[in-house]
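Visitor: My questions will all concern the structure given below.
Every number in this text was worked out from the coordinates using simple rules, so none of it is lab data. Please read all numbers here as calculations on a predicted model, not as lab measurements. When we count neighbours, we look across all protein chains shown, and the Cβ atoms used for this are built from the backbone with ideal geometry, even at glycine.
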Amino acid sequence: MKNKIKNLSVQVKMTVMSLVVNLFVFSINIVLLAGINNMSAKIDTVYQANIQLNELSASLKSVQDSMTEYLNAKTSDSLENYYKIAQEYSELTAGLSETVTGKTLDRMEFSIRNMSEVYLDEVGQTIEAKRGRNVEKYRTRYEEATKLYGYINTYIYSLNNEQFKENSENYREMVSALRTFETIGNIILIAVIVVNVLLILRLTAGIIRPLRSLTGMADEVAKGNFDIEPLTVWSRDEIGVVTTAFNQMVVSIQNYIRQVRENAETEQKLKEKELMMETHLKDAQLKYLQAQINPHFLFNTLNAGAQLAMMEGADRTYEYVQVMAEFFRYNVKKGSETVTIGEELELVDYYIYILNVRFSGEIHYEKSIDSSLLDVKMPSMILQPIVENCVNHGIRDMMGKGVIKMRVYGIDDYACISIEDNGAGMDEETIDALLNGRSLKGEKKDSNGIGMDNVMARLKLFVGSDDVLSIESEGPGKGSRFVIYLNNDVRETYDV
Amino acid sequence: MKNGRLRLSSLSIWVITGILAVLTVLLIFYYISFSTRLGAQEENTEYERYYAMITDDSDSSFWQSVYKSALASAKEQNAYVEMMSENLSKDYDIYELTEIAIASGVDGIIIEADESEEMTRLINKANDAGISVVTVYSDNSNSDRLSFVGINNYNLGKLYGGLILSLSAEKSFSKGKIRVVVLTDAYAVDTGQNVLFGAIQEAIETEPGSGKAQHPPIEVSMYSVDSTNEFSVEESVRNLLVKGREELPDIVVCLNEIDTTSTYQEVVDYNEVGLVNILGYYDSETILKGIDRNVIYATVSVDTDQMGQFSIDALSEYFEYGYTSQYFTTDISLINKRNVTEYMEDREEDEE
């Protein structure tokens with residue numbers, strides 16, 4: 001039962017409450033009104049009797065008058081009138097009490113009733129005597145009747161008085177009773193109002209209590225304290241629903257906060273890792289810078305070697321050392337700069353010279369250059385590695401005469417650099433690997449440190465496109481051809 | 001409720017509701033009791049027979065006492081006695097009241113009769129109408145009345161005579177003779193009074209010789225009191241007492257309550273206490289006080305209870321058996337200074 005009440009909605013609760021309260025007041029009112037009504041109805045009946053008596057008195061007078069009239073006039077009209085009135089009077093007296101009781105009023109009615117019978121009889125005899133012209137008789141009868149008339153009148157009057165006395169008594173009592181009734185009624189009504197107020201207070205308190213704790217908790221949450229116990233849900237009404245929702249909300253917020261915290265922690269860790277990597281990078285760069293000292297030192301010593309050869313008069317040694325020094329200087333100076341095709345070609349020249357000294361002129365280097373394209377910009381250290389690749393993979397192990405052909409020409413807006421050998425050639429797989437920047441096996445030995453993958457990557461970055469280099473080979477043993485497509489517009493005058 | 005501001009245990013709610021319910025029940029109870037009280041103000045018992053009591057002075061305590069007793073015994077026998085003049089707005093004499101009673105169709109009439117012809121006629125008329133008539137206190141011996149209920153006037157006269165004699169012996173009357181006045185009803189053509197008067201005279205005359213020598217001769221006379229209207233009694237009595245000392249009566253014998261009370265009052269008013277000795281009738285409170293204060297020498301107490309009861313008994317017996325005694329004699333007793341306190345105490349006890 002209690003649970004059922006708890007599960008009602010607030011609206012139903014309120015409605016039921018006001019209904020109960022109003023019904024209570026209403027029923028008390030009904031009782032009060034019924035009492036008062038009943039009492040006033042009694043007061044009414046009290047006077048009803050007096051009215052009836054007055055009618056009786058009037059009727060009696062009519063009887064007496066009609067008799068007198070007949071005695072005076074003796075018309076048939078008055079006789080008829082007399083009969084009618086006498087009948088009426090007789091009917092009226094029939095309503096009076098027939099019995100003798102302890103009640104004065106009843107006994108008086110009894111007397112009036114009997115006297116009226118005698119009186120009517122007397123009147124009847126008077127009329128008869130008059131009709132029979134018995135003067136002596138009707139006169140005495142008339143006197144008798146009149147005497148009785150007087151008595152009855154007195155009785156009616158006295159009865160009226162008695163009744164009035166009793167009624168006044170009743171009335172007084174009734175009025176005082178009414179007052180008492182009213183007072184008690186008012187007290188009860190006031191008590192009912194007090195009880196109602198108490199009831200409403202109690203019931204509304206029951207409704208408001210969970211709301212209050214809810215607001216308290218909401219305040220806590222608003223202050224930022226999410227670490228709260230979930231509220232107890234007392235009922236399944238609207239407030240119960242809100243409380244449940246609030247509890248869920250708090251739980252969700254708690255979960256969310258935990259998640260955010262965890263995420264922050266992960267991010268922190270990632271940042272730390274990144275910082276570490278950066279440190280490593282810096283460290284690597286430092287080591288790289290330290291490593292750069294060596295070419296300078298080599299270049300300077302080579303220069304010193306060249307001057308020594310010149311002073312001793314060994315011209316060929318001098319030239320060789322000079323070219324080597326130039327080659328390394330280029331490496332040191334332009335290692336990370338953008339250069340022109342001309343400068344790159346110069347480095348290739350040095351390289352070929354060094355190789356030919358080393359391998360006693362086995363490599364034929366042919367050049368066909370469109371000189372208008374010499375000042376087109378390109379990244380440094382591109383052509384020499386390609387040439388080195390051609391020498392190492394193409395012609396080094398070749399029987400016969402190795403030829404490297406270098407051509408620079410323009411097609412449309414492009415400046416093309418073609419490097420061709422007549423060496424070992426390449427299969428499709430190798431070409432694909434080279435184009436996609438994968439380093440070849442055993443590449444690094446004997447090179448000056450820059451691999452084909454590096455070349456490819458830098459070229460692609462410089463031009464901003466993948467179609468910067470094409471490698472062609474008609475198969476193993478048939479040589480290979482590298483073609484670089486550079487943008488013709490990028491010249492020395494521009495600073496990239 | 002944790003904050004406790006509106007804490008109301010369900011117990012207190014129930015207590016208040018309970019009080020309220022009790023109040024409501026009280027209100028309803030009060031209302032019902034009031035309704036029934038209003039309905040049952042007078043008893044609703046129906047009575048088989050209806051008697052009328054007709055007396056000349058129905059308001060006097062003597063007749064009220066008789067009526068009370070009659071009513072009580074009538075109710076025992078399922079009858080009701082009505083004091084006819086009560087509740088009527090007009091004052092009718094006993095003849096008119098008798099006529100009314102006859103016309104009202106009562107079953108019996110108890111009447112303080114007189115010996116007048118009119119009374120005889122009315123009693124006979126009632127009898128003809130099938131209404132039995134009992135005369136009480138004073139009779140109409142010529143009529144067809146059923147019974148007479150009253151005191152024995154001869155005995156009463158003897159009693160008064162004895163009282164006069166003892167008074168004469170007790171008090172030293174300096175005058176030549178002792179004047180005794182018996183107050184009688186001027187209009188009563190009543191043999192009872194004559195019997196009584198005769199008995200008084202007889203008692204005085206037959207006084208033993210030893211007593212006669214000790215007091216002057218006693219002269220007994222009658223004095224008619226006019227009782228036709230309310231004030232005439234007092235006037236008559238005053239006329240008797242407003243006289244020179246020589247003519248003042250030494251002893252006044254009163255034969256009813258009104259005469260006694262009036263005489264007592266006049267004697268006090270005219271400062272004649274001690275000069276005029278009163279022999280009273282009946283034992284109303286005023287009369288008892290008079291004895292206590294030495295104004296009234298003695299009074300006769302008539303047993304009014306018996307009077308009322310016998311009247312009803314006579315009627316009932318007649319209705320039951322068809323006949324009844326012609327005479328019912330009620331007891332009389334003497335009250336004087338010696339036993340008046342007793343009576344007064346008894347009266348007070350009765351009233352309580």
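Visitor: Treating the angle as unsigned and between 0 and 90°, give the value, to the nearest 10°, between the Cα long axis of helix B:304-321 and the longest Cα principal axis of chain B.
Guide: Computed tilt is about 80 degrees.
Visitor: Now for a separate question. Give me A:Thr340, A:Thr232, A:Thr204, B:Thr261 ranked fewest to most by other Cβ atoms within 10 Å of their Cβ, as a rough exposure proxy. Don't jump to the answer; show the numbers that get you there.
Guide: Working: A:Thr340 18, A:Thr232 9, A:Thr204 15, B:Thr261 24.
With the sparsest Cβ surroundings first, the list reads A:Thr232, A:Thr204, A:Thr340, B:Thr261.
Visitor: Given a Förster radius of 56 Å and the C-beta distance between B:Arg238 and B:Ala21 as r, what FRET efficiency does 1/(1 + (r/R0)^6) yield to the nearest 0.05?
Guide: 0.20
Visitor: What angle, in degrees between 0 and 90 and rounded to the nearest 10, separates the Cα long axis of helix A:238-312 from the longest principal axis of the Cα atoms of chain A?
Guide: 10 degrees
Visitor: Could you please rank A:Met452, A:Met406, placing first whichever residue has the fewest other Cβ atoms within 10 Å of its Cβ?
Guide: A:Met406, A:Met452
Visitor: Could you work out how far apart the two model spin labels at A:Ile43 and A:Asp375 are, taking each label as a point 7 Å from the Cα in the direction of the beta carbon, and quote it in nm?
Guide: Using points 7 Å along Cα→Cβ, the separation is 13.3 nm.
Visitor: Additional query: Residues of region A:237-268 with the amide nitrogen closer than 20 Å to a label point 7 Å from the Cα of A:Glu274, along Cα-to-Cβ, please.
Guide: A:260-268
Visitor: Right, something else. Can you give me the pair-distance distribution of the protein assembly as shown, C-alpha pairs, 20 Å bins, whole percents?
Guide: P(r) for the protein assembly as shown, in whole percents per bin: 10, 20, 13, 9, 8, 6, 5, 6, 11, 9, 2, 0.
Visitor: A further question follows. Along the Cα→Cβ direction, 7 angstrom out, place labels at A:Glu474 and B:Ser141. What is the inter-label distance in nm?
Guide: Going from the A:Glu474 label point to the B:Ser141 one covers 20.0 nm.
Visitor: Give me the Å³ per residue figure for the convex hull around the C-alpha atoms of region A:2-124.
Guide: Numbers: hull volume 21.9 nm³, N = 123.
It comes to 178 Å³ per residue, whole-number rounded.
Visitor: Can you tell me the 0 to 90 degree angle between the C-alpha axis of helix A:135-223 and the longest principal axis of chain A, rounded to 10?
Guide: 10 degrees
Visitor: Hey, another quick one. Using the Karplus curve 6.51 cos²θ - 1.76 cosθ + 1.60 with θ = phi - 60°, what ³J(HN,Hα) values do you get for each residue of region B:47-59, in whole Hz, with x for Gly and Pro?
Guide: Working through the residues one at a time gives 10, 6, 10, 10, 10, 10, 10, 10, 9, 6, 10, 5, 7 Hz.
Visitor: Further, regarding this structure: In peptide B:102-108, how many Cβ atoms from other protein chains are near each Cβ within 10 Å, on average?
Guide: Average neighbour count from other chains, rounded to a whole number: 6.
Visitor: Can you spot the aspartates and glutamates whose alpha carbon is less than 20 Å from A:Lys401's alpha carbon? Ignore those fewer than 8 places along the same chain.
Guide: Candidates past the 8-residue exclusion: A:Asp349, A:Glu362, A:Glu366, A:Glu388, A:Glu420, A:Asp421, A:Glu474.
Visitor: Moving on to the next point. When the gyration tensor of region A:362-487 is built from Cα positions, what are the square roots of 5 times its three eigenvalues, in whole Å, from largest to smallest? Working shown, then result.
Guide: On the way: eigenvalues 97, 63, 35 Å².
Each semi-axis is √(5λ); the values are 22, 18, 13 Å.
Visitor: DSSP loop (so not H, G, I, E, B), at most 14 other Cβ within 10 Å: list which chymotrypsin sites (Phe, Trp or Tyr not before Pro) in region A:348-431 pass both filters.
Guide: Details: sites: A:Tyr350, A:Tyr351, A:Tyr353, A:Phe359, A:Tyr365, A:Tyr409, A:Tyr414; in loops: A:Phe359.
In loop regions of region A:348-431 (DSSP not H, G, I, E or B), the sparsely surrounded chymotrypsin sites (Phe, Trp or Tyr not before Pro) are A:Phe359.
Visitor: Separate question: For B:Asp93 and B:Glu320, what is the calculated FRET efficiency with R₀ set at 35 Å and r taken between the beta-carbons, to the nearest 0.05?
Guide: That pair, B:Asp93 with B:Glu320, gives E of 0.60.
Visitor: If you don't mind, there's one more thing I want to ask. Considering the alpha-carbon set of region B:126-168 alone, what are its Rg and its Dmax in angstrom?
Guide: When restricted to the Cα atoms of region B:126-168, Rg and Dmax are 15.9, 52 Å.
Visitor: What are the equivalent ellipsoid semi-axes of chain A, built from the alpha-carbon gyration tensor (square roots of five times its eigenvalues), in whole angstrom, biggest first?
Guide: 155, 28, 17
Visitor: Calculated from DSSP H runs of 4 or more alone, at -39500 (n - 2.57) each and per residue, what is the 222 nm mean residue ellipticity of chain B, nearest 500?
Guide: Here the helix-only value at 222 nm equals -15500 deg cm²/dmol.
Visitor: Restricting to the protein assembly as shown, what percent of DSSP beta bridges are antiparallel, rounded to 5?
Guide: Bridges in the protein assembly as shown that DSSP calls antiparallel: roughly 40 percent.
Visitor: If the chain between B:Phe231 and B:Thr286 were fully stretched, how many nm would it gain, using 0.36 nm times the residue separation less the Cα-Cα distance?
Guide: On the way: separation 55, 0.36 × 55 = 19.80 nm, distance 1.83 nm.
Length difference between fully extended and current span is 18.0 nm.
Visitor: Give me the orientation-averaged projected area of the Cα convex hull of region A:2-214, in nm², one decimal.
Guide: 19.0 nm²
Visitor: Apply 1/(1 + (r/R0)^6) to the Cβ-Cβ distance of B:Lys125 and B:Gln201, taking R0 = 35 Å, and write down the FRET efficiency to the nearest 0.05.
Guide: Given R0 = 35 Å and the Cβ-Cβ separation, E is 0.40.
Visitor: At a Cα cut-off below 20 Å, give the aspartates and glutamates reachable from A:Lys74, other chains included and same-chain residues fewer than 8 away excluded.
Guide: Qualifying aspartates and glutamates at Cα under 20 Å: A:Asp65, A:Asp121, A:Glu122, A:Glu128, A:Glu136, A:Glu143, A:Glu144.
Visitor: Another one. Express the C-alpha Rg of chain B as a ratio against the empirical globular expectation 2.2 N^0.38 Å, rounded to two decimals.
Guide: Numbers: Rg = 28.1 Å, N = 352, 2.2 N^0.38 = 20.4 Å.
Normalised Rg, Cα atoms only: 1.38.
Visitor: Spelling out what I want: for every residue of region B:86-96, take phi, set θ = phi - 60°, compute 6.51 cos²θ - 1.76 cosθ + 1.60 (Karplus), and round to whole Hz; glycine and proline get x.
Guide: 6, 6, 9, 7, 10, 8, 9, 7, 5, 5, 5
Visitor: Further question on the same structure: How big is the Cα convex hull of region B:184-337 in projection, averaged over all directions, in nm²?
Guide: 11.4 nm²
Visitor: Still on this structure: Can you sort A:His393, A:His296 from fewest to most other Cβ atoms within 10 Å of each residue's own Cβ?
Guide: Least to most surrounded, the residues fall as A:His296, A:His393.
Visitor: Here's a follow-up. Within 10 Å of each Cβ of A:103-112, how many other protein chain Cβ atoms are there on average?
Guide: The mean count of partner-chain Cβ atoms within 10 Å per residue comes to 5.
Visitor: Can you give me the P(r) profile for region A:50-115? Cα pairs, bins 5 angstrom wide beginning at 0, each as a whole percent.
Guide: Pair shares across the bins are 4, 19, 22, 20, 14, 10, 7, 3, 1, 0.
Visitor: Right, next: Using just the helices of chain A, give the 222 nm mean residue ellipticity in deg cm²/dmol: DSSP H runs with n ≥ 4 each add -39,500 (n - 2.57), and the total is spread over all residues, rounded to 500. Show your work: numbers first, answer last.
Guide: Values: 11 runs with 345 residues, N = 496.
The per-residue figure over chain A is -25000 deg cm²/dmol.
Visitor: For region B:76-116 and region B:274-352, compute the distance between their C-alpha centroids and round to whole Å.
Guide: 23 Å
Visitor: Could you compute the net charge surrounding B:Val273? Neighbours are other residues with a C-beta less than 15 Å from the C-beta of B:Val273; K and R count +1, D and E count -1. Let's see the in-between values first.
Guide: Numbers: positive: B:Lys171, B:Arg245, B:Lys289, B:Arg293, B:Lys337; negative: B:Asp250, B:Glu266, B:Asp269, B:Glu272, B:Asp292.
My count for the surroundings of B:Val273 gives 0.
Visitor: Name the long-range amide H neighbours of B:Ile178: under 5 Å, sequence gap of 5 or more, or other chain; modelled H, no Pro or chain starts.
Guide: B:Ile218, B:Glu219
Visitor: Counting other C-beta atoms within 10 Å, and keeping those with at most 16, which DSSP coil trypsin sites (Lys or Arg not before Pro) do you find in region B:260-352?
Guide: Answer in residue order: B:Arg293, B:Lys337, B:Arg338.
Visitor: Can you give me the pair-distance distribution of region A:371-416, C-alpha pairs, 5 Å bins, whole percents?
Guide: Each 5 Å bin holds this share of Cα pairs: 5, 17, 22, 20, 15, 12, 7, 2.
Visitor: Counting every Cα pair in region B:73-159, what percent are over 16 Å apart?
Guide: 55 percent
Visitor: Averaged over its residues, how many other protein chain Cβ atoms are within 10 Å of peptide A:382-389's Cβ atoms?
Guide: What the average comes to for A:382-389 is 0.
Visitor: Between region B:132-160 and region A:124-162, how far is it from one alpha carbon centroid to the other, in angstrom?
Guide: What the calculation gives is 34 Å, centre to centre.
Visitor: What list of ³J(HN,Hα) values in whole Hz, one per residue of region A:75-85 in order, does the Karplus curve 6.51 cos²θ - 1.76 cosθ + 1.60 (θ = phi - 60°) give from phi, with Gly and Pro shown as x?
Guide: Whole-Hz 3J(HN,Hα) from phi for region A:75-85: 8, 5, 4, 5, 5, 4, 4, 4, 4, 4, 5.
Visitor: Let me ask something additional. Sort largest first and round to whole Å: the equivalent ellipsoid semi-axes of region B:283-335, each the square root of five times a Cα gyration tensor eigenvalue.
Guide: Semi-axes, largest first: 34, 9, 5 Å.
Visitor: Filter A:Lys165/B:Lys90; B:Lys171/B:Lys289; B:Lys75/B:Lys125; A:Lys103/B:Lys75; A:Lys273/A:Lys333; A:Lys147/B:Lys90 down to the pairs with a C-alpha to C-alpha distance above 24 Å, please.
Guide: With Cα atoms farther than 24 Å apart: B:Lys75/B:Lys125; A:Lys273/A:Lys333.
Visitor: Restricting to chain B, compute how many DSSP beta bridges are antiparallel as a %, nearest 5. Walk me through the numbers before you get to the answer.
Guide: Numbers: 5 of 43 bridges.
The antiparallel fraction comes to roughly 10 percent.
Visitor: Run through the DSSP bridge list for region B:204-352 and note the antiparallel percent, rounded to the nearest 5.
Guide: That works out to approximately 40 percent antiparallel.
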